[in-house]
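A short worksheet on the structure shown next.
The values are calculated or read from the model by the stated rules, or taken from the named source; none is laboratory data. This structure is a prediction, so every number in the text was calculated from the model and none was measured. Every residue, glycine among them, receives a Cβ derived from its backbone with ideal geometry; neighbour counts consider all protein chains shown. Please note that ligands, DNA and RNA were not included when accessible areas were found on the heavy atoms of the full protein model with its side chains. Shrake-Rupley method; radii C 1.70, N 1.55, O 1.52, S 1.80 Å.
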Amino acid sequence: MPTASVPIIKFDSVERFHSRPTVTEYSPLQSEIRKLIKSSGPMPVWRYMELCLTHPQHGYYVSRDPLGREGDFTTAPEVSQMFGELLGLWAASVWKAMGSPSLLRLVELGPGRGTMMADALRALRVLPPLYQMLNVHLVEINPVLRDKQKATLSAARNIAWHDNIDEVPEGPAIIFANEYFDVLPIHQAVRQENGWHERVIVLDDDGKFSFAAAPDPLPRFEVLLPPLLRAAPIGAVFEWRPDAEIMKIARRVRDQNGAALIIDYGHVRSDAGDTFQAIARHSFTDPLQAPGQADVTAHVDFQALAHAAEDIGARVHGPVEQGEFLKRLGIETRAVTLMAKASHEVSEDISNALKRLVEGGRGGMGAMFKVLGISDPRLTALPGLSEEASGSA
């Protein structure tokens with residue numbers, strides 16, 4: 001990896017749980033992938049990641065609740081109610097900027113346990129004209145999490161579940177995607193002397209999974225690379241995701257009025273670097289070990305997302321760091337308000353949650369996570385993503 005490449009930044013916040021064992025148990029998916037490699041040859045990284053996460057029987061996101069202390073990782077909505085509440089108020093502000101349409105679809109992609117949506121809806125109760133006519137749409141493929149979402153959101157009106165965003169009915173929409181893009185499968189290519197070769201998974205001499213490079217270079221791959229990468233050294237890794245998902249979102253808000261908010265960990269500039277990683281029980285583990293038993297992810301390339309959205313005529317806002325975004329929305333003021341009504345112990349919890357959400361460094365999410373807005377071109381500013389639209393939502 002070149003010195004100027006995207007660093008392999010890990011979730012500092014999971015290191016507090018390093019005493020938990022990593023995944024060692026046998027996985028039934030392992031046998032299936034081994035058979036596929038033996039019968040069809042080396043498996044591209046994207047296909048391996050896809051099988052690990054969404055295999056119909058053994059995929060990680062098809063069969064379990066991965067969240068919380070008893071799961072494998074913790075997301076921002078699980079850290080504090082302030083996160084979801086501010087996003088709810090953000091949605092209210094954007095709805096007004098949209099012209100206060102009489103119908104609004106509030107969509108969340110990968111909504112976890114429904115915690116963020118529940119907090120957002122609670123905040124939106126302060127605006128009855130919007131709250132009363134909201135239609136909530138959750139895009140979720142995990143039946144275990146769907147059941148938890150239904151329990152969490154049992155009091156919500158006009159709510160529906162979908163397998164993909166294509167199923168969400170037409171109409172003005174505000175779309176949330178928190179830690180959604182990082183689990184979409186990535187392609188990887190490795191630079192060798194005669195060009196860039198797709199990175200694949202093979203079986204080594206001991207029958208274990210191992211990384212390798214496809215024998216033939218990818219044709220005309222250099223033409224597609226960002227200019228910064230055309231001088232990358234031998235051994236450099238470049239990874240990318242297809243534009244299909246971001247283009248669906250961008251086309252939706254461009255054509256039907258609305259905005260999308262994408263929050264994830266990643267980098268703001270397209271560059272070289274291997275960020276393919278796995279997390280199990282709040283610890284890092286080998287992504288080639290026990291497939292289907294750990295969360296496999298890769299950092300999000302926000303520059304690539306922005307370019308894809310702009311190319312089809314949507315407006316892009318940001319990205320900015322999550323900490324800065326939440327501060328612009330007034331999270332510090334909200335924390336003070338909550339602490340004023342709480343016991344000393346609860347106040348300490350609120351203070352710690354605030355630090356985790358907005359600060360960088362070990363245990364902090366504020367710098368690693370970025371926030372990107374995509375909107376109808378007529379929305380020239382979005383709260384928290386541009387100075388003129390900043391302040392309390």
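Search the range 96-116 for residues that are under 14 Å from GLY258 (Cβ atoms) and pair each with any residue that is open to solvent by 60 Å² or more (accessible area, probe 1.4 Å) when their beta-carbon atoms are under 7 Å apart and the residues are at least 6 apart or on different chains.
Note: no pairs meet the criteria.
If a residue must be open to solvent by 10 Å² or more (accessible area, probe 1.4 Å), at pLDDT 90 or above and either under 20 Å from PHE181 (Cα atoms) or assigned to a strand (DSSP E or B) (or both), how many such residues does the range 278-296 contain?
Total satisfying the criteria: 1.
Quick check, is ILE159 buried (at least 18 other Cβ atoms within 10 Å of the Cβ) and under 30 Å from TRP90 (Cβ atoms)?
So ILE159 fits the description; yes.
Among the residues of the range 333-345, how many are in a helix (DSSP H, G or I) and either among the small types (Gly, Ala, Ser) or more than 16 Å from GLU85 (Cβ to Cβ) (or both)?
4
When you scan the range 132-251 for strands (runs of 3 or more DSSP E) that lie fully inside it, which ones turn up with 1 or more residues that are in contact with a strand residue (DSSP E or B) (Cβ under 6 Å, 6 or more places away or on another chain) and more than 26 Å from ALA76 (Cα to Cα)?
Once the strands (runs of 3 or more DSSP E) in the range 132-251 are filtered for at least 1 residues that are in contact with a strand residue (DSSP E or B) (Cβ under 6 Å, 6 or more places away or on another chain) and more than 26 Å from ALA76 (Cα to Cα), what remains is 187-192, 195-203, 209-213, 237-240.
To keep it simple, each residue is scored yes or no on (1) among the β-branched types (Val, Ile, Thr); (2) touching a Pro at 6+ places or on another chain (Cβ under 6 Å); (3) more than 30 Å from ILE33 (Cα to Cα); (4) at pLDDT 95 or above.
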site	(1), (2), (3), (4)
HIS58	no, yes, no, no
GLN81	no, no, yes, no
LEU109	no, no, no, yes
PRO129	no, no, yes, no
ASN135	no, no, yes, yes
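Quick check on this structure: which one of LEU145, LEU121, LEU130 is on the phi < 0 side of the Ramachandran plot and surrounded by fewer than 21 Cβ atoms within 10 Å (Cβ to Cβ)?
Result: LEU130 is the single residue among LEU145, LEU121, LEU130 that is on the phi < 0 side of the Ramachandran plot and surrounded by fewer than 21 Cβ atoms within 10 Å (Cβ to Cβ).
Condition first: of a type in the set (Lys, Arg) and touching a residue at least 40 places away in the same chain (Cβ under 8 Å). Now tell me which residues in the range 148-174 satisfy that.
LYS148
For the range 258-315, which residues satisfy the criterion of being touching a Lys or Arg at 6+ places or on another chain (Cβ under 6 Å), farther than 18 Å from GLU245 by Cβ and among the small types (Gly, Ala, Ser)?
Hit for the range 258-315 is SER283, nothing else.
Condition check: among the aliphatic types (A, V, I, L, M) and within 20 Å of ILE263 (Cβ to Cβ). Does LEU130 satisfy that?
Considered against the rule, which asks whether it is among the aliphatic types (A, V, I, L, M) and within 20 Å of ILE263 (Cβ to Cβ), LEU130 comes out as no.
Looking only at residues that are under 17 Å from ASP271 (Cα atoms) and among the acidic types (Asp, Glu) in the range 194-227, which one is surrounded by the fewest Cβ atoms within 10 Å (Cβ to Cβ)?
So, considering only residues that are under 17 Å from ASP271 (Cα atoms) and among the acidic types (Asp, Glu), the one surrounded by the fewest Cβ atoms within 10 Å (Cβ to Cβ) is GLU222.
Report, by residue number, each residue of the range 179-190 that is open to solvent by 10 Å² or more (accessible area, probe 1.4 Å) and either in contact (Cβ under 8 Å) with a residue 60 or more places away in the chain or closer than 13 Å to MET43 by Cα (or both).
Answer for the range 179-190, where residues must be open to solvent by 10 Å² or more (accessible area, probe 1.4 Å) and either in contact (Cβ under 8 Å) with a residue 60 or more places away in the chain or closer than 13 Å to MET43 by Cα (or both): GLU179, TYR180, VAL183, LEU184, PRO185, HIS187.
Only one residue in LEU225, LEU218 is over 27 Å from ASN164 (Cβ atoms) and at pLDDT below 95. Which one?
Result of the check over LEU225, LEU218: LEU225.
Here is a check on your reading of the model: is ARG252 at pLDDT 95 or above and either open to solvent by less than 20 Å² (accessible area, probe 1.4 Å) or more than 16 Å from the chain's Cα centre (by Cα) (or both)?
It is true that ARG252 is at pLDDT 95 or above and either open to solvent by less than 20 Å² (accessible area, probe 1.4 Å) or more than 16 Å from the chain's Cα centre (by Cα) (or both).
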